[in-house]
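Report on one structure; see the data block that follows.
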Amino acid sequence: MSERKDWCSNFPDEIDGIYYGHCCRRHDFDYSMPGDRHLRKIADERLGACISAMMAAKWGQKWGGRWGRLMLLGVRTFGWLPWHYQRTIWGRKLSDGERSELGLEFGIGGSADH
């Protein structure tokens, strides 16, 4: 198995054996795309929902939802910095290879959702 990249900056990509780094990977991709504050909010809410769904499978809706809302609170509070200034993954633009690795050709609202 290949080594996993840290997609959930300053937050674990896996808890209690549940890997949800793909949720953060999609969120990073969304932040790299042009958009307004409304689209940023959609990306943040999608991240929270994705993590909640992953965690609910093992922890149940109540606790899984809380983990997703904690992540949502974090990105709503601190995510404006990379989104606002460069639309990058924490300070650098996605390369063509990284875009290909993500397997996503569309930004928020596109048809290539996970």
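Every read-out reported here was derived from the displayed coordinates using simple, explicitly stated rules and does not represent laboratory data. Quantities reported herein were computed from a predicted structural model and do not represent experimental measurements. Here the Cβ is made from the backbone with ideal geometry for all residues, glycine too, and neighbour counts use every protein chain on show.
What the table below lists for this structure:
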{"read-out": "Burial ordering of Asp36, Asp13, fewest other beta-carbon atoms within 10 Å first", "value": "Asp36, Asp13"}
{"read-out": "Qualifying GluC sites (Glu not before Pro) in the stretch 1-48, DSSP loop, other Cβ atoms within 10 Å at most 15", "value": "Glu3"}
{"read-out": "Neighbour-count ranking [beta-carbon atoms within 10 angstrom, fewest first] of Leu47, Leu70, Leu81", "value": "Leu81, Leu70, Leu47"}
{"read-out": "Residues Ile51, Ile15 arranged by fewest to most Cβ contacts within 10 Å", "value": "Ile15, Ile51"}
